[in-house]
Amino acid sequence: MIPIVIIGSGIAGLACARRLADEGLSPVVLDKGRGIGGRVATRRAGDLQFDHGAQYVTAQDARFAAVLHGLETKGALADWPDAKARPRSVGTPGMSAIAKALGAGLDIRQGVQVARIVADGAAWALHLGDSILHAARVVVTVPAPQVAGLLGADHPLTAAVAGVRLAPCLTLMAAIDAPAPFASRQDRDDALTWIARDNSKPARPQGPALWVAQAGEAFSLTHLEQDPTAIAAAMLPLLCDRLGVTTDRVTHAAAHRWRYARVTQPLGQPFLTDAGGTLHLGGDWCIGPRVEAAWISGTAIADDILARG
Ligand SMILES: Cc1cc2nc3c(=O)[nH]c(=O)nc-3n(C[C@H](O)[C@H](O)[C@H](O)COP(=O)(O)OP(=O)(O)OC[C@H]3O[C@@H](n4cnc5c(N)ncnc54)[C@H](O)[C@@H]3O)c2cc1C
């Protein structure tokens with residue numbers, strides 16, 4: 001019997017585990033993905049690297065600001081101010097460094113997909129495909145639309161998250177051997193709502209310009225079910241057009257589909273818990289579409305668990 005299992009090694013799961021571990025508890029974090037961080041991610045392709053999930057972090061909450069300061073002290077974070085000199089920070093040498101630093105020393109098991117969570121007496125049975133793990137407490141930090149698959153359609157907490165919405169985001173990663181007209185650009189009215197030269201961020205590999213472009217919600221919904229090659233083929237001409245370059249300057253292109261990328265309708269409270277207080281649900285979707293929101297939610301769950309003793 002594991003005392004506390006946290007499902008998801010995104011920022012919410014890591015924040016929860018970190019806070020519990022700092023208080024002497026030993027949570028186990030399970031995640032189906034290969035690398036920790038969830039949507040805070042860095043993709044490598046040979047010498048190239050791209051932050052294909054969250055682009056930067058900002059902090060309004062004093063506790064989260066202190067965490068970012070600590071990451072900066074460890075060399076895992078640096079400033080990347082925008083064109084108007086407004087503060088934003090990025091992981092170094094990639095956004096995934098933030099997750100790696102938050103998760104250092106924790107018991108994190110990647111490549112473990114939880115298929116189902118079922119009440120089993122006073123405990124929880126986590127179905128992992130070919131095995132079952134028992135836990136006294138479970139913290140679920142998967143995107144809200146995936147809660148029903150874990151708890152079942154008739155669970156009261158499934159009903160509680162039914163109004164939460166996350167929009168998809170298709171993301172293009174491209175290396176283009178041509179001068180860069182800007183470092184980053186946001187245009188909510190364009191099909192490509194965000195374009196950034198990834199290696200304009202600090203501590204990145206130099207060489208050809210490495211671009212990350214994110215499609216807006218309408219474009220992402222239209223092309224959502226296409227395979228990554230077709231998505232890249234659809235987005236690349238748009239990126240080249242916005243940069244004023246011809247496609248023959250492109251030396252690398254790949255796409256990633258984030259099915260649940262940005263919270264468009266949050267829950268409006270930092271977490272949910274069941275009647276017995278042994279099952280918690282949280283994530284950015286509780287509060288809003290930001291890394292900071294995920295951290296606040298995960299930390300609030302840990303605070304609640306600690307308060308319950
Ligand atoms: C393209 C994009 C750009 C963004 N840009 C920014 C930005 O610039 N600034 C900003 O602040 N925020 C940004 N965000 C939002 C930010 O990334 C998220 O708010 C935050 O990372 C969410 O963290 P989380 O822990 O709540 O969820 P996630 O990061 O989604 O973590 C959930 C984890 O659960 C795991 N999981 C799911 N189901 C299971 C299962 N059944 N079993 C085991 N594991 C499971 C997943 O593998 C994942 O690792 C962006 C997001 C995207 C996609």
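The values are calculated or read from the model by the stated rules, or taken from the named source; none is laboratory data. What you see is a predicted model; the values in this text were computed from it and never measured. Ideal geometry is used to build each Cβ from the backbone, glycine not excepted, and the neighbour counts take in all protein chains shown.
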Given the options Ala136, Ala83, Ala123, Ala178, name the one that is touching a Ser or Thr at 6+ places or on another chain (Cβ under 9 Å), outside the structural domain of Leu30 (by TED's automatic domain parsing) and away from the ligand (no atom under 15 Å from the Cβ).
Ala178
Within the set of pairs 6 or more residues apart or between chains, which connect a residue that is more than 13 Å from Trp285 (Cβ to Cβ) inside the range 250-261 to a residue that is in a strand (DSSP E or B) and small (Gly, Ala, Ser) with Cβ atoms less than 6 Å apart?
Val250/Ala174; Thr251/Ala175; His252/Ala175; Ala253/Ala174
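Any idea how many residues of the range 242-261 are assigned to a helix (DSSP H, G or I) and surrounded by fewer than 13 Cβ atoms within 10 Å (Cβ to Cβ)?
Of the range 242-261, the ones assigned to a helix (DSSP H, G or I) are 242-243, 247-249.
Still in the list and also surrounded by fewer than 13 Cβ atoms within 10 Å (Cβ to Cβ): 248.
Final tally of qualifying residues: 1.
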So which residues in the range 58-111 are in contact with a Gly (Cβ under 7 Å, 6 or more places away or on another chain), part of a helix (DSSP H, G or I) and among the hydrophobic types (A, V, I, L, M, F, W, C)?
Ala97, Ile98, Ala99
I'd like to know if the range 204-214 contains one or more residues that are loosely packed, with under 13 Cβ neighbours inside 10 Å and farther than 25 Å from Ser96 by Cα.
no
Mind checking which pairs have a first residue in the range 206-220 that is modelled with pLDDT under 95 and a second that is crowded, with 16+ Cβ neighbours inside 10 Å, Cβ under 6 Å, 6 or more apart or different chains?
Pro208/Ala175
Quick check: is even one residue across the range 33-43 under 16 Å from the mean Cα position of the chain (by Cα), within 12 Å of the ligand (Cβ to nearest atom), outside any loop (DSSP other than H, G, I, E, B) and on the phi < 0 side of the Ramachandran plot?
yes
Which pairs do you get when a residue that is without any contact (Cβ under 8 Å) to a residue 24 or more places away in the chain, found in the range 237-249, comes within reach of a residue that is among the small types (Gly, Ala, Ser) and part of a loop (DSSP other than H, G, I, E, B), reach meaning Cβ atoms under 8 angstrom, with the pair 6+ apart or on two chains?
none
If I filter the range 222-241 down to residues being under 30 Å from Asp284 (Cα atoms) and among the small types (Gly, Ala, Ser), which single residue comes out as surrounded by the fewest Cβ atoms within 10 Å (Cβ to Cβ)?
Ala230
Mind telling me which of the residues Val28, Val5 ends up being farther than 29 Å from Trp211 by Cβ and away from the ligand (no atom under 11 Å from the Cβ)?
Val28
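For the structure I just gave you, tell me whether Lys100 is closer than 30 Å to Phe182 by Cβ and in contact (Cβ under 8 Å) with a residue 60 or more places away in the chain. Explain how you work it out, then say what you get.
Details: closer than 30 Å to Phe182 by Cβ: yes; in contact (Cβ under 8 Å) with a residue 60 or more places away in the chain: yes.
For Lys100, the condition - closer than 30 Å to Phe182 by Cβ and in contact (Cβ under 8 Å) with a residue 60 or more places away in the chain - is met.
Considering Pro168, Pro145, which residue is in a strand (DSSP E or B), within 12 Å of the ligand (Cβ to nearest atom), farther than 23 Å from Leu25 by Cα and not β-branched (Val, Ile, Thr)? Working first, answer last.
On the way: Pro145 fails: in a strand (DSSP E or B).
The unique qualifying residue is Pro168.
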What number of residues in the range 147-178 are touching a residue at least 40 places away in the same chain (Cβ under 8 Å) and of a type in the set (D, E, K, R)?
2
Can you find a residue in the range 265-272 that is crowded, with 24+ Cβ neighbours inside 10 Å and out of contact with any Gly (no Cβ under 6 Å at 6 or more places or on another chain)?
no
State all residues of the range 288-309 that are part of a helix (DSSP H, G or I) and surrounded by fewer than 19 Cβ atoms within 10 Å (Cβ to Cβ); if no residue qualifies, say none.
Asp303, Asp304, Leu306, Ala307, Arg308
How do the pairs read when you match residues in the range 278-305 that are outside the structural domain of Gln146 (by TED's automatic domain parsing) with residues anywhere that are in a helix (DSSP H, G or I) and more than 9 Å from the ligand (Cβ to nearest atom), using Cβ under 6 Å and keeping only pairs 6 or more apart or on different chains?
none
Need the failing condition index for Gln60 against (1) buried (at least 20 other Cβ atoms within 10 Å of the Cβ); (2) within 15 Å of the ligand (Cβ to nearest atom), just the number.
(1)
